[in-house]
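Report on one structure; see the data block that follows.
All of the numbers you see were taken from the coordinates with simple rules; none came from a lab. Owing to the predicted nature of the structure, the values given are computational and were not obtained by experimental measurement. Cβ sites come from the backbone with ideal geometry, for glycine too, and all protein chains shown count toward neighbours.
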Amino acid sequence: MKFPSQGKLGLVLAAAGFVLALFVGLAIWNAHRAFERASVAVAEENELRFATRRLTPAPPAGIESVRAATAFKDAAFFHGRLYICGPTGLLAYAPDGKLVARYRVGLELPSAPLVGLAVGMAGDATEPELYVGTAGAGLLAFGEKSVRQILPEKEIYRRLTAVLPLSTGRLLLGTEKSGVLVYDGKHLTPSHPLLSHASVTALAGDDASFWVGTTNQGVLHWHAGQVDQFGEGEGLPDARVLSVALDGDRAFVGTPLGVAEFRDGRFSRALASGFFATALLARGQTLLLGTLDEGTIEIPLNSQGVRPPRPRGEELPGQVERLVADGGWPFALTRDGFFALDEHGAGWRPMIAGESSPLTDRDISALAFDADGRLWVGYFDRGLDILEAGAQHATHVENDHVFCVNRIVYDRRRDGMLVATANGLVLFDGEGRLRQVVGREEGLIADHVSDVALTADGVALATPAGVTLLTSSGARSIYAFHGLVNNHVYALAAAGSRVLAGTLGGLSVLDEGRVFANFTTANSGLRHNWITAIVPVGDDWFVGTYGAGILRLDGNANWQAFADATGPFDVNNNAMLATAGRVYAGTLGRGLYVYDRVSGRWTVVTAGLPSLNVTAVAWHDGYLYVGTDNGLVRIAEENLRNP
């Protein structure tokens, strides 16, 4: 056998080595390319789509806001001014306390309540900005000369609860149900996976370490890329966190049952046991604590006192929303005012008072006009206001029966108002005086009345147990035993001898007090069984649903869908109204739907609304009154353009 020479063997081995190296290099290069592609794919998968746009604070024409009661939420000092925000808007004050600028939700600002303020400088900013978190419109950034909006594509990421600017140009955004997001000026991404589903209440910290308060998971501490969770088992007085304050290596976490102190990320001790700690401010060896209804207290941190003393001086009125410092001096914000601690530290001195309002509350559930042109405003849990013409003065009614208002209807035959509540039907006379409460003892099948409709010979009442008909001959009830499609009735409408009852399980048609027909998704073109609102429109009926938008039931008992109004959205209970030229429907989170009866088309109104959750509508003298869960506006009907 002949062996290759040493030179030839070297060439063969070198060639083999080159081929092997090339193969290994190609494999590594391909693996690196695959890793890069995977990294990009993961980054793209985690990155959240959003849009940035400039806002021009110019209110839409023909829309007037009926100012709601003050409800301050947060405060911050920025460019020599004090800014205070609340659900209805942002107010700017000069150092002397004079109001110098007002930005109203739905008018100069997007239609979403404001929830928090912070000052910082995001990666895409050229100057420090005032950041405003909103409950539905993402993040607002106020600079010296412009206002911009950072709006996530998905609605779940638009509902913010807290904002924390970091020195690196990143912003941490706490959300209502989607954890903590990170915005760096170019990208919006979820934070750590363990923070991705938290319901955030508070944020505090820096780039190296930050704390996240939650509604039911206690407090979460991010540091060195990991997350520690502290609940009641780890020393927290309560799993619901209301406030967080930091001082060096110490963190203070406020809950409804007291405060927990942490040192170097570890639980140290419990403080202020039994106090509802809505706000915290660390001041050296003193922790200032704001409470729900006991003003503020000072906690000496170098003492083990059982019950810390309350500061001397007049107690702050109402719930303390925030404690802030400017130049090291503390200030307190309540729902109704802004206060400074006096120079001796003995009490709080009022600096700014909340503005008065004819309305008792913002969370509106029902609207109706009486014969004298007075607007009756019902609330979900504050009774009702009778607003005089001109909207400058209101009479408030609130008692054991008039508390949770579901519907208000003017009864022309008796010149009185019928108020459907969770505790019966309340009758008022033409002067606005309460005359009678109708409940079980008077023949109702249930005390909870969700709707009321005037019939040819009396009144029909919707309840969770069926329909009660009140006529001159007495009270008679109809429920499933008599053929009603479902006992839980939410909405009623009447025309002629017929009454339509919208229920949790479909629609029932009553004719002369008997069930004439039932419609469900199983036997008709009804798209969703849960009926929330009904109005007669000519020979037809427009039906609002919880889950399928709006449909039409024509005079031949045929269901028709609307190309531009039937879909996966919710119409609020009894938030529908038909006028001579239009039909209006208030929705949950999508604004006001407007149907033009001539063109047969729907449009959606969002501009000018204090919230996109429209809960009630009423019409009077050429104006549409729109109630939401965040206040009331009046719109000139002529400004609603036909599609």
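Could you tell me which trypsin sites (Lys or Arg not before Pro) in segment 411-479 are loop residues by DSSP with no more than 10 other beta carbons within 10 angstrom of their beta carbon?
Taking segment 411-479 and a limit of 10 other Cβ atoms within 10 Å, the loop trypsin sites (Lys or Arg not before Pro) found are ARG412, ARG413, ARG433.
Counting other beta carbons within 10 Å of each Cβ, put VAL100, VAL241, VAL437, VAL119 in order, fewest first.
With the fewest neighbours first, VAL100, VAL241, VAL437, VAL119 line up as VAL100, VAL119, VAL437, VAL241.
Fewest Cβ neighbours within 10 Å first, please rank ASP361, ASP381 accordingly.
Taking fewest neighbouring Cβ atoms as first place, the list is ASP381, ASP361.
Mind checking the angle between helix 6-46 and the chain's longest principal axis? C-alpha axes, 0 to 90 degrees, to the nearest 10.
30 degrees
For segment 495-643, what relative contact order do you get, as a whole percent, if you take Cα pairs closer than 8 Å and at least 6 residues apart?
Averaging sequence separation for qualifying contacts and normalising by length gives 12 percent for segment 495-643.
For VAL105, what residues show an amide H to amide H distance below 5 Å, using hydrogens built from the backbone and excluding near sequence neighbours?
GLY89, LEU90
Given the alpha-carbon gyration tensor of segment 222-354, what are the semi-axes of its equivalent ellipsoid in whole angstrom, ordered largest first, with each equal to the square root of 5 times an eigenvalue?
The three semi-axes for segment 222-354 are 26, 15, 15 Å.
Tell me, VAL105, VAL147 in order of fewest to most beta-carbon neighbours within 10 Å?
Least to most surrounded, the residues fall as VAL147, VAL105.
State whether segment 582-627 is rounded, prolate or oblate according to the following rule on the C-alpha gyration tensor (a ≥ b ≥ c being the square roots of its eigenvalues): a/c under 1.5 gives rounded; otherwise a/b larger than b/c gives prolate, and the remaining case gives oblate.
Because a/c hits 1.5 or more and a/b fails to exceed b/c, segment 582-627 counts as oblate.
In terms of the ratio Rg/(2.2 N^0.38 Å) built on C-alpha atoms, what value belongs to segment 109-149?
In units of the globular-protein estimate, segment 109-149 measures up at 1.10.
Which entries in LYS98/LYS145; LYS73/LYS186; LYS98/LYS186 show an alpha-carbon gap greater than 26 Å?
The pairs that break the limit, which is 26 Å between Cα atoms, are LYS73/LYS186; LYS98/LYS186.
Based on Cβ point charges of +1 for Lys and Arg and -1 for Asp and Glu, what charge dipole magnitude is obtained for the chain about its Cα centre, in debye rounded to the nearest 20?
The dipole magnitude comes to about 1780 debye.
Need one number: the % of Cα-Cα pairs in the chain sitting beyond the 45 Å mark.
Cα-Cα pairs in the chain separated by more than 45 Å: 33 percent.
Taking Cα pairs under 8 Å and at least six residues apart, what relative contact order does the chain come out at, in percent?
That works out to 8 percent.
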